1. For the list (1) surrounded by 14 or more Cβ atoms within 10 Å (Cβ to Cβ); (2) in contact (Cβ under 8 Å) with a residue 24 or more places away in the chain, I need the number of the one condition that Arg22 fails.
2. Picking from Glu23, Glu47, Glu36, which residue would you name as being acidic (Asp, Glu) and modelled with pLDDT of 95 or more?
Amino acid sequence: MVIVDDVCTTGSSTIQAVEAAREFGFQVVGVMCLVEREEAGGRPSVEKAVAPAPFISIFTAKDVRQEHLMQNDETSPGMPAAGSGCEICGRPAVVHSPRLRCETHKT
């Protein structure tokens, strides 16, 4: 069986799924995550829990943010930048190429 998760942050829900599958007698041959949020550091925990099977992420959160930046310019609505503050005032930032700024300071 392959465990598939949409977003892996700390990896705890993915690890729970692996443990539950094994408890029911399934052989886990891999774990796949659509988006890995690297900043949370969940990969080592998932890799340890699923070993010897592989853990594969299709995209990272950084990949998603970079793609968003490539498709939008300074005048477009920003995508919230999780955990980031405006480089001018510190309020919650939105992503605007090439800077992290709040809606007030985006231009």
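The values are calculated or read from the model by the stated rules, or taken from the named source; none is laboratory data. Source: prediction; values computed, not measured. So basically every Cβ, Gly included, is an ideal-geometry build from the backbone, and we count neighbours across all protein chains shown.
1. Failed condition: (2).
2. On the way: Glu47 fails: modelled with pLDDT of 95 or more; Glu36 fails: modelled with pLDDT of 95 or more.
Result: Glu23 is the single residue among Glu23, Glu47, Glu36 that is acidic (Asp, Glu) and modelled with pLDDT of 95 or more.
Residues checked against (1) assigned to a loop (DSSP other than H, G, I, E, B); (2) at pLDDT below 90; (3) in contact with a helix residue (DSSP H, G or I) (Cβ under 8 Å, 6 or more places away or on another chain):
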residue: Val7; (1), (2), (3): no, no, no
residue: Met32; (1), (2), (3): no, no, no
residue: Ile58; (1), (2), (3): no, no, no
residue: Glu67; (1), (2), (3): no, yes, no
residue: Pro77; (1), (2), (3): yes, yes, no
